[in-house]
Amino acid sequence: MLTVIITTFNEALHIGDLLDNIRWADEIIVVDSFSTDDTAGIAKKQGAIVHQRAYKGPADQKNWAIQQASNEWILLLDADERVTPALKKEVQRLLKQPNPHIDAYWIPRQNYFLGKKIKYSGWQGDKVIRFFKSSCRYNDKQVHEEIETKGINVGQLKGKLEHFTYRNMEHFLDKMRRYARWSALDYEAKTKRVGLFHLWVKPGFRFIKHYFIKGGFRDGKAGFIISVVMAWGVFLRYVFIKEKR
């Protein structure tokens, strides 16, 4: 038996298609952060169990949602993700014949940006732990939170999630700005003094990493934009730390 969990805020554009995509699940729970669009209404109409809860942080929201699940196994998704047929088949097989030694699984993601499949740019190795037992919990990070792996065994799935990352450039920039502010909370304690190294060298290296080392140039214009905005996000992280101080 499988529970699918989706945490949302203003995802009316995506939520209907995702719910159609995972209709085969035994239980679907949507935890909505009081969306101002029709996210919650669409989810209710399509048969999901909908909870509305104030948002304190990504890990807090997901850990609360996990506790609402009725089944042992959970597949946790974002509204802009879709389960491929290969992944669906793999998950269903494991539900019927579970490996007693594995508590959670990494799932690879195929990312799309500006209508283009991104093959490089540092996104080619993207994977997330999203299929796991309900006893698992997320670590307390504000950005890139992940299932806590200490004390559990984690396997690897072959089927992919399709990730339709950002609706447009405004959405990309808004999300990177928000991530930078959250990331500042994670990095503040280990950053003694914000200097040119943080404001110039680290963003510059991030661009070099995504565009040259990770092959962003092979993704054309989209790869260049990704590399620049990722570097900008690092710059903003330290600007926000400096602003707070």
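Per-structure values
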read-out: Under 11 Å, Cβ to Cβ, from LYS202 - net charge with Lys/Arg +1 and Asp/Glu -1; value: +3
read-out: For segment 163-194 and segment 124-143, distance of Cα centres in Å; value: 18 Å
read-out: Trypsin sites (Lys or Arg not before Pro) restricted to segment 1-93 and DSSP loop, no more than 13 other C-beta within 10 Å; value: ARG23, LYS56
read-out: Out-of-range pairs (alpha-carbon distance over 26 Å; input LYS158/LYS214; LYS62/LYS119; LYS214/LYS244); value: LYS62/LYS119; LYS214/LYS244
read-out: Computed lengthening from ASP126 to GLN67, 0.36 nm per intervening residue step minus Cα-Cα distance; value: 18.6 nm
read-out: Those aspartates and glutamates that a straight Cα-Cα span of less than 18 Å connects to LYS127, excepting residues fewer than 8 apart in one chain; value: ASP78, ASP80, GLU81, GLU90, ASP103, GLU145, GLU146, GLU148, GLU162
read-out: Convex hull of segment 169-244 built on C-alpha atoms - directionally averaged projected area, nm²; value: 5.0 nm²
read-out: Debye-sum result for the chain in log10 I(q)/I(0), which assumes one identical scatterer on each alpha carbon, at q = 0.07, 0.15, 0.17 Å⁻¹; value: -0.25, -1.17, -1.40
read-out: Efficiency of FRET between GLN52 and LYS209 - r from beta-carbon atoms, R0 41 angstrom, step 0.05; value: 0.55
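All of the numbers you see were taken from the coordinates with simple rules; none came from a lab. Quick caveat: nothing in here was measured; it's all calculated off a predicted structure. Every residue, glycine as well, gets a Cβ built from its backbone with ideal geometry; the counts of neighbours run over all protein chains shown.
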